[in-house]
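To keep things clear, I will list the structure first and then write my remarks on it.
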Amino acid sequence: MWHGYLQELPSHHNSTFLNVIALDKLLTTRVPSVLTSREEIRVRVTDVKSDGSDTILCETSEALQRALASDDEGSRIISIHSSDSITPLKISPRLLAYLLQRYHVHPSFLQVLLSFGSNVNVSEAGSNNLYVGGDEKNSYITYQINYVEEKQHRKNLAWSWRHTGVYHHHFRAQGGKAFDLFILLHPNDASVLERRIHNELQIARSMLAGLSGNSGHNTYMSTALHSLALSSFPGNWRWYLRDLGRQFEKHNDLALTAVPEEATPLESYDMVSSLRDLNDSVLRAQVCCRGNLELVEKLKAATASGTLTTAGGALKQIVMEYEAMGTELHGYLASCDELIPRIRNAIDLAGYTLSLHNQLDTAKIDRELRDLIGHLEMLQRDSVDDSAAVKIITFVSAVYLPGSFIVSLYGMNFFVFDTDARQIVIAHDFWIFIATWLPLTLATGLIYVLIVWFDAWWKRKPFRLFQRPVRATRVETDLGPQIITKG
């Protein structure tokens, strides 16, 4: 498909600067992704001649081929449209290959073409892919303009990133005749540049009605179209930066009045996230404005050198307009330089607020943890006291239990109540109770000691029958067990 175009390139352009192998790979792998894969064509062909201008909207391949097959005279503007900035251009690869071969389009135009089919890439926002070159008979200018457009939606005012591509080939033939070819890549069907071009053609028809030949039209269009392209979009930066400044003031007021004790982490994070996104938007605008400024300076130099126009009377005025446009872009860059540090200060302030809030939350959690540890310490002390009381009761019960058992065994025969003397009389065989109770009590205590010893041995713990519980200090409770090594 691209073989014919590549084969003819060395005969029309400097072959030492043409990497045909790289171009072949570029056309085969990358260019088709920015073109429609369906037979969906929307190309407008406008021919500007000495007697006026004719416009044909081509929506079929046959119509486009018929329009391109006509004689090259005066100026021809080929406008290729896209539905929006992120959709492919409405021209098939086959028709684009025919167009490139038909007019021997300079390969630098391919770099502009590859910018379409996706949104304005942040890493390429400052690149305008400008190329200015040629020889005695031909001059080539190609570039793209990155900008923003204002879109009114139902709820809020949104901004869309756009790019417009321009290709201009000026051919000076013998006899004073000249032919200018323009290929314009528009981001949507309702392009501002497209509308302005047709309005300018209406004005040019009356302005150049008294001129003879087509040199006046060619000179006027070769200059006017670049002026139209550059002046259609830079004014949007003012309102875009104003909108960003309004958003910054709102976030900055919130950051300055935020109370760390009352602000939630989610609110602080959302503020930091919004400010960082705002900072990225300003940086992107700054890079695009710098690229537009470079483009204006290069085109001003090309105009002053006569590459774009030969109209000496209007040359000074056009250069002055370029200088005014450059001053305007310098102002937008200064606004970005002023806004970026303020946004970063607000980001730092919001970050400090979030950090302070986290510290306050950590301190609050630490206090609650200390209170909880204190309650656990008191509960542990109460549990130790209760355990000691239970042990005492158990030991006393162990002392009295054998006696109770002996009493129940022998009954109350060891004690007799003398009714005459009105007193309890101990029986002579009371020693039998003592001789039975005391060994049984000692045996019970020995069994308890053996059980405790066996439990310690089974659990491999040191055997301590009586040990006073050690109260844990607050520092030991907070730090927990630690291993101290020498060295």
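Taken together, the values in this text are just the output of simple stated rules run on the coordinates, not laboratory data. Because the structure is predicted, anything quoted here is derived from the model rather than measured. Note that we place each Cβ from the backbone using ideal geometry, even for glycine, and neighbour counts take in every protein chain shown.
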At R0 = 35 Å the Cβ-Cβ FRET efficiency linking W239 and R94, nearest 0.05, sits at 0.30
Sequence-distant lysines (8 or more away, or on other chains) whose Cα lies within less than 30 Å of K461: K391, K486
Added length on full extension, which subtracts the Cα-Cα distance from 0.36 nm per residue, S123 to S387: 87.7 nm
Starting from the Cα-Cα distance between S70 and L450, subtract it from 0.36 nm times their residue separation and give me the gain in nm to one decimal. 124.9 nm
Taking K25 as the anchor, which aspartates and glutamates have their alpha carbon closer than 17 Å to its alpha carbon, excluding any fewer than eight residues away along the same chain? E8
Protection proxy (average C-beta count within 10 Å per residue), highest first, orders 370-381, 53-64 as 53-64, 370-381
Which lysines does K151 reach when only Cα atoms under 22 Å apart count, and residues fewer than 8 places away in its own chain are ignored? K250
Can you tell me the length gained on complete extension of the stretch K461 to I432, counting 0.36 nm per residue apart and subtracting the Cα distance? 6.3 nm
Can you tell me which of 158-166, 114-122, 7-15 comes out highest on packing, and rank the rest after it, using the mean Cβ neighbours within 10 Å? 158-166, 114-122, 7-15
Please compute the contact order of the stretch 57-186 in relative form: average sequence separation of alpha-carbon pairs under 8 Å and at least six residues apart, divided by the residue count, as a percent. 28 percent
Could you order peptides 231-239, 419-427 by the average number of other Cβ atoms within 10 Å of their residues, highest first? 231-239, 419-427
Here, V319 and A334, labelled 7 Å along Cα→Cβ, have an inter-label distance in nm of 2.4 nm
Neighbours of D455 by Cβ distance under 12 Å: Lys/Arg at +1, Asp/Glu at -1, summed charge +4
Neighbourhood charge, 15 Å Cβ-Cβ cut-off, centred on A334 and excluding it, Lys, Arg +1 and Asp, Glu -1: +1
